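Colleague: There's a structure below that I have some questions on.
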Ligand SMILES: *Cc1c(COP(=O)(O)O)cnc(C)c1O
């Protein structure tokens, strides 16, 4: 049996009619840039995330970049983020001329460790007479970027408390977590809507995927939202009057139209992904594999949240990761390593002067984690085949 890591074809087949009708409408209108489809999709995201402002942009990377530019973050500034994320999280900080500061992760969730963040801020940073928080090199600590990795929210209670105590803004990288919930003060909040700003990616393989690149920024503050909105069009408002330097970070009408067709199905897809995760767990238990592989943590299950995890990825951990991956490849099972290096180990960040061992949990996750096939339409037969292939690998050991 061949089991791909991800297969989007069935999802497209189910929605091909309405998607093609929407695309035809955009083509007939010949209105491709920042028209009614983008505005309608932005409104739909505002409703979905319970947030007052949404700004459609060209990708998740550009969402992060536009936010950093709109906040005027640049040379002399530091931005704190997780050492274990997709490259864009750290790269955007460097691209605006600021310094990325990495923090290690929690080994169970792979998300930024709140205690390590707090330790860094209290031991390595201090507030100047001008009340600006600075790091040991005198850089202004401007923001914390928690990344809700694999579709699970970070420990936002702790991060909120830390950000309030140290008065540093929170920019959520929610690229992998649209719709994921966190319980907050009696109620619940969605990923991206808990910090000052949240960033989404609609890269085709994300839980809500476009037919190409697309992204979104959501934001509480109206004035900041206006700046981000201007930033997406070269800092321009009104036309041909430029207040600051932005970029071309616009979301296309066609992408917005397709995403608006898909958004009402997102929660159903997330529920189906959770059901896949539940069945993997049952199978791994049945096969007695839970001592050999660590399954994804579900710290927020049982807190009354629906989307306590949206399983953008289903990631297991084993010290025999590479051999297991090889075995699964031979069985025609698609797997992936997210990510084989910590951000601090990337060549392009060598100038930051990190060494092996600086972020031990990140480095261990990079050596031991493996993403298994997960998507809403994955069949139980396919999952059984994956689980049995893993059992076969460990039986041979
Ligand atoms: C996908 C992703 C991004 C970047 O989004 P693109 O749309 O691919 O530019 C940023 N951060 C994380 C954590 C991601 O997974």
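Colleague: With no solvent and one point per C-alpha, what does the Debye sum give as log10 I(q)/I(0) for the chain at q = 0.07, 0.09 Å⁻¹?
Modeller: Taken in order of the listed q values, log10 I(q)/I(0) reads -0.33, -0.54.
Colleague: A follow-up question, please. Over all alpha-carbon pairs of segment 189-345, lay out the pair-distance distribution in 5 Å bins, whole %, shortest bin first.
Modeller: Going out from 0 Å in 5 Å bins, segment 189-345 shows 2, 7, 11, 14, 16, 15, 12, 9, 6, 4, 2, 1, 0, 0 percent.
Colleague: Next question. In a solvent-free Debye calculation with one equal scatterer on each Cα, what is log10 I(q)/I(0) for segment 87-219 at q = 0.15, 0.17, 0.19 Å⁻¹, listed in the order of the q values?
Modeller: Here log10 of I(q) over I(0) equals -0.74, -0.94, -1.15.
Colleague: Okay, next question. Could you compute how fast segment 172-248 diffuses translationally, taking Rh as the Kirkwood radius over C-alpha pairs and applying Stokes-Einstein at 20 °C with viscosity 1.002 mPa s? Give it in µm² per second.
Modeller: Using the Kirkwood radius from Cα pairs, D works out to 155 µm²/s.
Colleague: Relative contact order for segment 184-244 using alpha-carbon pairs under 8 Å, separation at least 6, rounded to a whole percent?
Modeller: With pairs under 8 Å counted, the relative contact order is 21 percent.
Colleague: Right, something else. What's the ranking of 382-395, 217-230, 10-23 by average number of surrounding C-beta atoms within 10 Å, highest first? List each step's numbers first, then the result.
Modeller: On the way: 382-395: 18.4, 217-230: 19.9, 10-23: 13.7.
Top of the packing list down: 217-230, 382-395, 10-23.
Colleague: Can you list, largest first and rounded to whole Å, the semi-axes you get for segment 1-57 by taking the square root of 5 times each eigenvalue of its Cα gyration tensor? Don't skip to the answer; put the middle values down first.
Modeller: Working: eigenvalues 147, 74, 18 Å².
Sorted largest first and rounded, they come to 27, 19, 10 Å.
Colleague: Contact order normalised by length for segment 9-264, with contacts defined as Cα pairs under 8 Å and 6 or more residues apart; what percent is it?
Modeller: 26 percent
Colleague: Of the peptides 45-52, 350-357, 362-369, how do they stack up when ordered by the mean number of other Cβ atoms within 10 Å, highest first? Don't jump to the answer; show the numbers that get you there.
Modeller: Numbers: 45-52: 17.0, 350-357: 10.5, 362-369: 20.1.
Going from most to least packed, we get 362-369, 45-52, 350-357.
Colleague: So how many Å³ per residue does the convex hull of the Cα atoms of segment 265-395 work out to? Mind dumping the intermediate values first?
Modeller: Working: hull volume 18.6 nm³, N = 131.
Expressed per residue, the convex hull around the Cα atoms of segment 265-395 is 142 Å³.
Colleague: Separate question: Beyond 16 Å, what percent of the Cα pairs of segment 130-186 remain?
Modeller: Here the long-distance tail beyond 16 Å is 50 percent of all Cα pairs in segment 130-186.
Colleague: Counting pairs of Cα atoms in segment 1-153, how many percent are more than 24 Å apart? Please report the intermediate quantities before stating the final value.
Modeller: Values: 6217 of 11628 pairs.
It works out to 53 percent of all Cα pairs.
Colleague: What is the distance in Å between the Cα centroid of segment 1-78 and that of segment 263-306?
Modeller: The two parts, judged by their Cα centres, are 27 Å apart.
Colleague: Here's another thing I want to ask about it. Percent relative contact order of segment 59-172, based on C-alpha pairs within less than 8 angstrom and at least six residues apart?
Modeller: That works out to 25 percent.
Colleague: Would you please state which residues of segment 234-249 a label at residue 226 would reach in this model, taking the label point 7 Å out along Cα→Cβ and a backbone N cut-off of under 18 Å?
Modeller: Answer for segment 234-249: 234-246.
Colleague: Okay, next question. Hey, could you grab the Kirkwood Rh for segment 303-371? Inverse mean 1/r over distinct alpha carbon pairs, Å, one decimal.
Modeller: Value: 14.0 Å, from the Cα pair sum.
Only the coordinates and a few stated rules stand behind these numbers; no lab work does. The structure displayed is predicted, hence computed values, not measured ones. Here Cβ is always computed from backbone atoms with ideal geometry, including for glycine, and neighbour counts include all displayed protein chains.
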